[in-house]
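Enquirer: Sharing a structure, written as structure tokens. Questions coming.
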Amino acid sequence: MKKYIKHIICAVSALAIVPLFTACGNKNDNAERTDFPEPTDKSSWQVASPDGSIKSDIVMNAEGKLLYSVKKGNTTVVDSSSLGMSISEDDFRLLDVESSDMKRITGSYDNKSGKHAVVDYDCNELTITLKGWTFYLDVVMRCYDDGYAFRYNVRAIDGSSGVMTVESENSEFALPENSVMWTQVYNPIFSWVTSFAYEDPYKRRRSDGVSVGEYLSFPTLYRVGNSEVYSLLTESELIGSGYYGSYLTAPDGKSNSGVLQTVMTPAGVQTDNDRIAYPFSSPWRIGITGDLKTVVESELTEKVYDDSESALWTPDDYEGSAEDYWDWVDPGVTAWSWLYQQKHAGKPYTTVAGEVSGIWHQENNAIHRDYVDLAAEMGWKYVLLDGGWNQDQTAAAEFMKYAHDKGIGVFVWCDALNSFSNGNADVLKTKLDKWKALGVDGIKIDFFDGQEAVGNKHQGEDVDTIKWYETIYQECAKRHMLVNPHGCNKPTGERRKYPNVINREGVYGGEKQNIPSSYTVMSMYTRGVVGPTDFTPMVKNMASSGASMIHNMALATLYESGTPSLGDWVSEYRDGTVKDYYSALKALHDDTVFLCGTPDRFYCAAIKMGDDWFVACINGIIESDVSFDFGFLEGGTYSANIYTESAKGATEVTKTTEPVTSSSSKTIKVFEDGGFVIHLRKQA
Amino acid sequence: MKAKRKGIISVLCAAIVAATMLAACGGGGGSGPIGAGEHNIDKEWWTTTGEIVKDGDDVVFNNIEIKLATVVAGTDLAKFNTIVNRFNAEYLDRINIVPSSITEEEFNSQVAKQISNNANAPDLLMTHQKEFKSLADSKLIQPFNEAIEKSGIELDLDNYAAGLSKYSSLNFKDQQFTVPVDMHSEVVIYNKKLLGDNALPTNHAELVALCKKIALEKNITPIAASTHSASFYRFVFNTAILQNGGTFFDASNYKADWASAANMPAYKAAIASIRELITENLMKKQQSTGDALAAFLGDKALFYFVEPWSVDSVLNAYSGDKNDIGGASMSKWFAADPTKDCADYIYGDAHAFGISKTVTDISKKAAICEFVKWFSENTSAGVSWANAGHYSASKTLTENTSYAAENMVANYLTKFYPDIDDFQTMDISPYTYQYKSYLEQLYLAMITNNNASNDEADIIAYQKKVNDEIATINMM
């Protein structure tokens, strides 16, 4: 695929466009003065998206407090809300405006994996530099056509570096009245730990029903008042910031107000977690904003990394182009036996060839060889060996050779802390070297959430864990190894800096089984928007209720990741009805087009993979008729293989075929926990 | 993330913390446990604001959000959440239930504090029925009466299992503090192939005789049960006590009276009935949960004692024809005298709904009534909950033909509980946690012995322990 960059930065004098100083406050000059005049803002600025649809106003009010608001057209998305940080080493309540600058940032990059093969980015960026006693505080606000993003820079006036103590981040989001959220509430995994792995379901909430001390995770979606404008709040560029992961809660004294403040993760012990190195650039606080189509198709979480050359990490001693450094990263569908194994653990394993060979256990390479054969047959690229795989190194090496001889790469499971002496970089390097020598192509690395931490460090999203993520990403990159974090935090755009971080858990996933379909629907509008999602769907439902077979097929299509892990038994994929469908799935989504749905009902989208298009729909509770057209198709006629189910909870699917063109439309009935999928191939 | 590390929860610590916290709940009107017997409410500790808007007879709900705290936290949680999601879908933009799941220990230690401090307090509580007495005594929950009256939404206790609805008042005169949800206990499933032409036993003598016969014919241990698992000793031992006419405490003073003239024979008969199954080699002592399950799945056990929410997964795991697995009732199985009415009793636990005192808006109270009524009467919700192993306490559902025809209901739950009015829970007391905890210890002490020589001494000793702890709580 052709790679191109058109990086245009238009630095424009701040005075040419903004600020809009509003120094005159005498709006009632002719009125009789019966009171003191209204206090006036000291300064104000405005930045708008390139198409002008999204605008952010920032003011420094009479008390010197920084406030911002955001509008989408005439709809207020964020009411007047606080900005800024408080640090022990300076008093940012007494800031002088040093300067402001506006620039246009535009360009594009190619995805290794993502929702689109090529991503264009275009925004206006306003940087307001404020001067304290010993530090500058930059407030950087960007407006894109699909949302806004802001961050802070803190740097010493004398140019020195050091460590500061962050007392609080004052970023607030005042959600308009009557807004409804879809959010994942922080809820520790067990009662005796504070660990959280972002594996709880999303739930619908009123925005004015959040209490102080109730923590909402990023991303959180809300519908603005009674409008059709939605905004998805999240953070990006956390990795490398030196900062901790953040959550949202009601500010002190503002329970049930609709105002949410960005605060330090509640997970972990928080030892010295407020000690942050400067010069410092905070993670971006992002609001992906627009109609539902805009939100779910957006890649703003990754777009804020700007142009591909500066976004991509390379080792200090590397001298080539950054894009060349990462050209080995190869996304592909992954076969995975662990989930199915849970149903048969300890029982004799009968191979596809019909021979009894050992028992169901991850050390049994007879199982993995069958999955390698499946992957090769289906055109997939990887197999994943889970916990217990490495009990016999010689056998493991032989297996790796077997897989590689068939063109299949191998992921292996490990524990982010236990496998590496609780976060010891030297142990990490030694083991990665050893595994690479065995033939390992990537790691599925688990338990970042801190439940296995020894001591007070490396718990959840504390600064040590955030740094540990980056160490792992870098060390794996140096060895050309892919990374699939599990038991981890949400995606924060790291794939733009480290394309080898090709997949990610942090989702209420298939391993939970019996998953209420309303949760998978909501996840499409929330967690699924912000980055790769290793949901691990099956073919057949593992439990007696929840997502049906057709729902699972749709999940395998809709969740995007660089190495989607498919978890069912090999024969399920070889079934004549579905084999062609699963063998056509690709890891990279060349295009994503939202067709219809709402977070409370269903989700339906068209995905382009290679030359083929797929339409997939997952339904929640309420049966309905889903109507859509094929306007996303290019010209010509396509052969559409349509997979549906005949009734609620069906354990089989029905396949029909018909021709469609871009002017065709269709209505399909969807049952509770169900959906449909369509595979479209262009006819010659 | 895969398997997650399990930890050790100090149950006793949680109990003491909860009891201490409740006893110390002075803030917000809390007053701790009050004396036994029925009480009048002289001054309401809850308030009501606003007016109900109606369209004809129907209450108009406008985007009301209800925070629901539930102790449902196991394999049944997904099904519970599905039920809530269904309600939310049907009541979109009118009522939205936001469930949060916590363990019973956390519930006891956290929720009362949240309500007392009005800090992130849930609006609606769904916990085991026995827990509500302490909450009412501490003035942390409010009755449904006013909301029912003003909304016109009926929650008639006559439509619920008698053995459960009788607790709704929590000994406050004319008050309805709780609405029963369901019932659950240890249940028995059996292998129809091994049973053959034999009839299911209907009393203890028949149980022993049948098991001896099957043991001889099939060369197996006919009963698979983890005799030292919590679910076994919590439910089966207490069932045996009830079937022999025993009670768990003296309702006039809340003290355990296990060694009284009325109870001592019942407690001894209860342990004797279980012990006999072990000494006659019809059931292994201290069989592990995994071994018991493996024996049943491998057609090596006629009966299997199991938690009802695990029945679905056992059926899924059974490699043979699932229709060969049936449900049986343990009614009369542990009664020395099967002719007594109490011989039919089955002891278990029950979930119930209650309203936090922090809810003031009458529209929200009415919305809570709407959800509770829906949960009690909606067939789809009832079926989902039945498949999670919870038989409805609502006669509106149990007498509904669609509900009754559902496989899990027809072939299992109605077999486990032939008459829902015979289902019993711990009676009303603020000390149910203490009784339960020491009954478990008493069982473990007695089952260790192969004969009854030390039973009386054990019963006396553990009665003293529980009463000493209750006295300690009352001194705090």
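The values are calculated or read from the model by the stated rules, or taken from the named source; none is laboratory data. Bear in mind the structure is a predicted one, so any value in this text is a computation, not a measurement. Cβ atoms come from the backbone with ideal geometry, glycine included; neighbour counts cover every protein chain shown.
Enquirer: Restricting to the range A:179-193, give me the number of residues that are among the polar types (S, T, N, Q) and not in a loop (DSSP other than H, G, I, E, B).
Expert: 1
Enquirer: Considering A:Ser545, A:Ser561, A:Ser565, which residue is within 13 Å of another protein chain (Cβ to nearest Cβ), surrounded by 20 or more Cβ atoms within 10 Å (Cβ to Cβ) and closer than 24 Å to A:Arg496 by Cα?
Expert: That would be A:Ser565, the only listed residue that is within 13 Å of another protein chain (Cβ to nearest Cβ), surrounded by 20 or more Cβ atoms within 10 Å (Cβ to Cβ) and closer than 24 Å to A:Arg496 by Cα.
Enquirer: Hey, does the range B:447-454 have a residue that's closer than 25 Å to B:Ser169 by Cα and either hydroxyl-bearing (Ser, Thr, Tyr) or out of contact with any Leu (no Cβ under 6 Å at 6 or more places or on another chain) (or both)?
Expert: No, the conditions are met nowhere in the range B:447-454.
Enquirer: Given the criteria within 14 Å of chain B (Cβ to nearest Cβ), in a loop (DSSP other than H, G, I, E, B) and either without any contact (Cβ under 8 Å) to a residue 24 or more places away in the chain or crowded, with 20+ Cβ neighbours inside 10 Å (or both), does A:Pro266 qualify?
Expert: No, not satisfied.
Enquirer: Would you mind telling me which numbered condition in (1) more than 14 Å from chain B (Cβ to nearest Cβ); (2) closer than 22 Å to A:Lys655 by Cα; (3) of a type in the set (Ser, Thr, Tyr) A:Thr526 fails?
Expert: Among (1) more than 14 Å from chain B (Cβ to nearest Cβ); (2) closer than 22 Å to A:Lys655 by Cα; (3) of a type in the set (Ser, Thr, Tyr), A:Thr526 violates only (2).
Enquirer: From A:Thr234, A:Thr271, A:Thr265, A:Thr194, grab the single residue that is under 25 Å from B:Leu68 (Cβ atoms) and β-branched (Val, Ile, Thr).
Expert: A:Thr194
Enquirer: Run down B:Ala73, B:Ala78 and say which single residue is within 11 Å of chain A (Cβ to nearest Cβ), modelled with pLDDT under 95 and in a loop (DSSP other than H, G, I, E, B).
Expert: B:Ala73
Enquirer: Here is a follow-up. Starting from residues that are touching a residue at least 60 places away in the same chain (Cβ under 8 Å) and crowded, with 21+ Cβ neighbours inside 10 Å, keep the ones in the range B:88-104 and report whichever is nearest to the other protein chains (Cβ to nearest Cβ).
Expert: The selected residue is B:Ile97.
Enquirer: Further, regarding this structure: Would you say B:Thr425 is over 16 Å from the mean Cα position of the chain (by Cα) and either surrounded by fewer than 23 Cβ atoms within 10 Å (Cβ to Cβ) or of a type in the set (Ser, Thr, Tyr) (or both)?
Expert: Working: over 16 Å from the mean Cα position of the chain (by Cα): no; either surrounded by fewer than 23 Cβ atoms within 10 Å (Cβ to Cβ) or of a type in the set (Ser, Thr, Tyr) (or both): yes.
No; evaluated as a whole, the condition is false for this residue.
Enquirer: I need the full set of residues from the range A:201-219 which are among the hydroxyl-bearing types (Ser, Thr, Tyr) and more than 21 Å from the chain's Cα centre (by Cα), in order please.
Expert: A:Ser207, A:Ser211
Enquirer: Hey, another quick one. Could you tell me which residue of the range B:276-328 is nearest to the other protein chains (Cβ to nearest Cβ), considering only residues that are among the aromatic types (Phe, Trp, Tyr) and out of contact with any His (no Cβ under 9 Å at 6 or more places or on another chain)?
Expert: Applying the filter and picking the extreme gives B:Tyr318.
Enquirer: Give just the number: which of (1) surrounded by 19 or more Cβ atoms within 10 Å (Cβ to Cβ); (2) among the hydrophobic types (A, V, I, L, M, F, W, C); (3) facing chain B (nearest Cβ under 9 Å); (4) in contact (Cβ under 8 Å) with a residue 60 or more places away in the chain does A:Phe190 not satisfy?
Expert: Result: A:Phe190 fails condition (1) only.
Enquirer: Of all residues in the range A:503-519, count the ones that are part of a loop (DSSP other than H, G, I, E, B) and either of a type in the set (Gly, Ala, Ser) or within 11 Å of the chain's Cα centre (by Cα) (or both).
Expert: Result for the range A:503-519: 6.
Enquirer: Let me ask something additional. Could you check, for the range A:390-410, whether at least one of its residues is within 14 Å of another protein chain (Cβ to nearest Cβ), under 31 Å from the mean Cα position of the chain (by Cα) and part of a strand (DSSP E or B)?
Expert: Checking the range A:390-410: not a single residue is within 14 Å of another protein chain (Cβ to nearest Cβ), under 31 Å from the mean Cα position of the chain (by Cα) and part of a strand (DSSP E or B).
Enquirer: Oh, and also: Would you confirm whether any residue within the range A:457-471 is modelled with pLDDT of 95 or more and at positive phi?
Expert: Scanning the range A:457-471 turns up no residue that is modelled with pLDDT of 95 or more and at positive phi.
Enquirer: While we're looking at this one, here's another question. Identify all residues within the range A:569-597 that are of a type outside the set (S, T, N, Q), over 22 Å from the mean Cα position of the chain (by Cα) and not in a helix (DSSP H, G or I); write none if there are none.
Expert: Passing the criteria: A:Trp569, A:Asp575, A:Gly576, A:Val578.
Enquirer: Say whether the condition of being more than 10 Å from every other protein chain (Cβ to nearest Cβ) and outside any loop (DSSP other than H, G, I, E, B) is met by at least one residue in the range A:211-220.
Expert: yes
Enquirer: Continuing with this model, one more query. Quick check: anything in the range B:213-236 among the aliphatic types (A, V, I, L, M), within 23 Å of B:Ala335 (Cβ to Cβ) and surrounded by fewer than 23 Cβ atoms within 10 Å (Cβ to Cβ)?
Expert: yes
Enquirer: Going by what's in this entry, would A:Phe630 be described as more than 23 Å from A:Val539 (Cβ to Cβ), out of contact with any Pro (no Cβ under 9 Å at 6 or more places or on another chain) and buried (at least 20 other Cβ atoms within 10 Å of the Cβ)?
Expert: On the way: more than 23 Å from A:Val539 (Cβ to Cβ): yes; out of contact with any Pro (no Cβ under 9 Å at 6 or more places or on another chain): yes; buried (at least 20 other Cβ atoms within 10 Å of the Cβ): yes.
Yes.
Enquirer: Just one of (1) polar (S, T, N, Q); (2) more than 14 Å from chain A (Cβ to nearest Cβ); (3) out of contact with any strand residue (DSSP E or B) (no Cβ under 9 Å at 6 or more places or on another chain) trips up B:Asn117, so point out which.
Expert: The failed condition is (2).
Enquirer: Looking at the range B:264-278, can you tell me whether even one residue there is within 23 Å of the chain's Cα centre (by Cα) and outside any helix (DSSP H, G or I)?
Expert: The answer is no; no qualifying residue exists.
Enquirer: List, please: which pairs have Cβ atoms under 7 Å, are six or more places apart or on different chains, and start with a residue in the range A:504-519 that is without any contact (Cβ under 8 Å) to a residue 60 or more places away in the chain and more than 8 Å from every other protein chain (Cβ to nearest Cβ) and end with one that is of a type in the set (D, E, K, R) and part of a loop (DSSP other than H, G, I, E, B)?
Expert: Final answer for the pair search is A:Arg504/A:Asp534.
Enquirer: Please pick out the residue among B:Ala261, B:Ala256, B:Ala269 that is over 21 Å from B:Leu302 (Cβ atoms), free of Cβ contacts under 8 Å to residues at least 12 places away in the same chain and assigned by TED's automatic domain parsing to the domain that holds B:Ala328.
Expert: Values: B:Ala256 fails: free of Cβ contacts under 8 Å to residues at least 12 places away in the same chain; B:Ala269 fails: free of Cβ contacts under 8 Å to residues at least 12 places away in the same chain.
Testing whether each residue is over 21 Å from B:Leu302 (Cβ atoms), free of Cβ contacts under 8 Å to residues at least 12 places away in the same chain and assigned by TED's automatic domain parsing to the domain that holds B:Ala328 leaves just B:Ala261.
Enquirer: Given the conditions (1) farther than 30 Å from B:Asn323 by Cα; (2) modelled with pLDDT of 95 or more, which single one is not true for B:Phe375?
Expert: (1)
Enquirer: For the range B:462-472, which positions are among the aliphatic types (A, V, I, L, M) and either more than 15 Å from B:Ser260 (Cβ to Cβ) or not assigned by TED's automatic domain parsing to the domain that holds B:Lys255 (or both)?
Expert: B:Ile470, B:Ala471
Enquirer: Give the residue, chosen from A:Glu511, A:Glu461, A:Glu452, that is touching a Gly at 6+ places or on another chain (Cβ under 6 Å), acidic (Asp, Glu) and either surrounded by 23 or more Cβ atoms within 10 Å (Cβ to Cβ) or over 17 Å from A:Glu302 (Cα atoms) (or both).
Expert: Values: A:Glu511 fails: touching a Gly at 6+ places or on another chain (Cβ under 6 Å); A:Glu452 fails: touching a Gly at 6+ places or on another chain (Cβ under 6 Å).
That would be A:Glu461, the only listed residue that is touching a Gly at 6+ places or on another chain (Cβ under 6 Å), acidic (Asp, Glu) and either surrounded by 23 or more Cβ atoms within 10 Å (Cβ to Cβ) or over 17 Å from A:Glu302 (Cα atoms) (or both).
Enquirer: Is at least one residue of the range A:251-262 part of a strand (DSSP E or B), over 25 Å from A:Gly460 (Cβ atoms) and of a type in the set (Gly, Ala, Ser)? Break it down into steps so the answer makes sense when it comes.
Expert: Quick first cut of the range A:251-262, residues part of a strand (DSSP E or B) only: A:259-262.
Narrowing further to those that are over 25 Å from A:Gly460 (Cβ atoms): none.
Among the residues of the range A:251-262, not one is part of a strand (DSSP E or B), over 25 Å from A:Gly460 (Cβ atoms) and of a type in the set (Gly, Ala, Ser), which makes the answer no.
Enquirer: Now for a separate question. Please go through (1) in a loop (DSSP other than H, G, I, E, B); (2) away from chain B (no Cβ under 14 Å); (3) touching a Leu at 6+ places or on another chain (Cβ under 9 Å) for A:Asp600 and return the number of the only condition it doesn't satisfy.
Expert: (2)
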